[in-house]
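What follows is a short report on a single structure.
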Protein chains: 2
Amino acid sequence: MAGAGGGAGGGVAGARYRRLAADLREAIASGAYGSGGRLPSEEELAQKYGVSRGTVRQALAVLRANGLVTSRRGSRRVVLGTARTQSFFELLSFTRWARSIGEEPGGRTVDVEHRLAGPLECELLGLLAGSQIYRVLRLRTLSRVPIMIERTIYPERIGAMIVRLEPDAVSHTEPLAEQGVVFADAEHTVDLVYADAEDARLLGCAEGGPLIRERRRATDPAGTPLEWSEDRYLPGTVSFTVHNSVAMTALSRRRG
Amino acid sequence: MAGAGGGAGGGVAGARYRRLAADLREAIASGAYGSGGRLPSEEELAQKYGVSRGTVRQALAVLRANGLVTSRRGSRRVVLGTARTQSFFELLSFTRWARSIGEEPGGRTVDVEHRLAGPLECELLGLLAGSQIYRVLRLRTLSRVPIMIERTIYPERIGAMIVRLEPDAVSHTEPLAEQGVVFADAEHTVDLVYADAEDARLLGCAEGGPLIRERRRATDPAGTPLEWSEDRYLPGTVSFTVHNSVAMTALSRRRG
DNA sequence: TCGGGGAAGTTGGCTGTACAACTCGAGCAA
DNA sequence: TTGCTCGAGTTGTACAGCCAACTTCCCCGA
């Protein structure tokens, strides 16, 4: 961001700084600079790739935010690690995540409701009182083993697309994307809860047993809520990782 | 990032874009633009604050990364919410966090070891075999109620500073900062574990009871590890929240 | 051998300019 | 009323140049 200046034009097929970032990411992952090694200077990279220093800085800002490299005024950038941060979609979509770790995702829709939104649900999805919502309950599997139970509410428009899908459709977010529903932002909260009777029955754990809960609210580029979901994972099946830095923070810790 | 150009001179007392970002954050929090409202255009903000558009974009990039506003090409920015994301230090330091939520932090050092680093510990802190480490075990309280147990290992240099502090010193990171130890990056992983005998005794929970675990590795601006810590929270005392977007992702989900 | 001074190198911050891609509403036509 | 086109407005991407603040390292003197 904040590339101030202008020039030759937006991306022909994708912004140049993104391609540069991808290039550097790959180079780092392949160990070209070693762990703890020093990157070339911005000027050198600019000349090597035939772009301006501003563009190089945009690319490096991406890597910086992802925790791949440090940066200090006066000193060359240092490789922190090959922390392969996952894309936005791999965090949003169970299916994308499962595939990215080489597992086979599965899903079974257990229950669907179409009804009037309660006050809380209106608040969560930013709806007016009296709006309709869809509520979907799904059991998610990794290599056919139940891992997670997902309770999602959708506003009318989105839910209508969802219910048209087959009950055992693996992915819900991908068909939505194909129909022009664009996910852009999400807020996730992770904590610990205890299994109720339904959780226990579907996941095959003891009632009252501990589960990792992830609550999520996703919006489109305009800020309109697209879904609100509460996911509950069996212990030991998942962990959540975040990188943050003085320069860039997105995570917070809250009183439970 | 990527402000390309140059100009009038670095910050006199702090970068201008940071002050601008703070200003806008406050304005948003005070509801000046409303939730879902539209921000002024970059050009308008630039004129209003007497800075260039590039600087405005740097400020807005910060808000964007914090999930306060959206941004799409062609449309004005929209206020997403007043999500008060906490600073890097409030996630790194229990003390800072406790104060930020208006609670009284407390701590009691239970045990300190000074010994040879094992192979795993060398790996975690990036040390050579044969290095010395300090291992500190602390019980953390919120308003005198035990909340969390903290097992931290420090490299020789840092640990030597730590052990000079009083056993019931509230904060460890703040004295370090005063002695010139600068924290710059951290990686946090959150999952679920079961209490062992020591956890149960100190936290007053049942052995085998569920706990939220946060593992953390913090480094200085040069990428040198400063501490590695494993914290275990009682259920219901804490939750972790992250905002991510297509443009900026820092969180990832991992197979447990 | 040790320490200080200084110069070169590097990143952070800021401005200005230019063009491309996209949104959105006004206005017009069917 | 509906649907379309068009243009003004807005953000995204990119380049060029400048100065400040900081790190690093060489070199020289004690």
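Key figures
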quantity: A:Glu214 within 22 Å of B:Phe240 (Cα to Cα), out of contact with any Leu (no Cβ under 7 Å at 6 or more places or on another chain) and more than 8 Å from chain B (Cβ to nearest Cβ); calculated: yes
quantity: Among residues of region A:118-173, those that are surrounded by fewer than 14 Cβ atoms within 10 Å (Cβ to Cβ) and free of Cβ contacts under 8 Å to residues at least 40 places away in the same chain, counted; calculated: 12
quantity: Search result, residues across region B:49-65 that are more than 10 Å from chain A (Cβ to nearest Cβ), surrounded by 14 or more Cβ atoms within 10 Å (Cβ to Cβ) and modelled with pLDDT of 95 or more; calculated: B:Tyr49, B:Val51
quantity: B:Arg215 being surrounded by fewer than 20 Cβ atoms within 10 Å (Cβ to Cβ), in a strand (DSSP E or B), modelled with pLDDT of 95 or more and assigned by TED's automatic domain parsing to the domain that holds B:Gly107; calculated: yes
quantity: Some residue of region A:36-48 being away from DNA strand C (no atom under 14 Å from the Cβ) and either open to solvent by 40 Å² or more (accessible area, probe 1.4 Å) or within 11 Å of chain B (Cβ to nearest Cβ) (or both); calculated: yes
quantity: Candidate set from region B:66-83 (those that are closer than 17 Å to B:Ala27 by Cα and within 8 Å of chain A (Cβ to nearest Cβ)); member that is modelled with the lowest pLDDT; calculated: B:Ala83
quantity: Residues (surrounded by fewer than 19 Cβ atoms within 10 Å (Cβ to Cβ) and facing chain A (nearest Cβ under 8 Å)) located in region B:90-111; calculated: B:Ile101, B:Glu103
quantity: Pairs, first among the hydroxyl-bearing types (Ser, Thr, Tyr) in region A:47-76, second assigned to a loop (DSSP other than H, G, I, E, B) and surrounded by 22 or more Cβ atoms within 10 Å (Cβ to Cβ), C-beta under 7 Å, six or more apart; calculated: A:Thr70/A:Arg77; A:Thr70/A:Leu80; A:Ser71/A:Arg77
quantity: Residue in region A:35-57 that is in contact with a Pro (Cβ under 7 Å, 6 or more places away or on another chain) and farther than 18 Å from A:Tyr17 by Cβ present; calculated: no
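The values are calculated or read from the model by the stated rules, or taken from the named source; none is laboratory data. This one's a predicted model, so the numbers in the text were calculated from it and none came from an experiment. Because the Cβ atoms are built from the backbone with ideal geometry, glycine has one as well, and the counts that use them run over all protein chains shown. Just the protein is used for accessible areas: all its heavy atoms, side chains included, with ligands, DNA and RNA removed. Shrake-Rupley method; radii C 1.70, N 1.55, O 1.52, S 1.80 Å.
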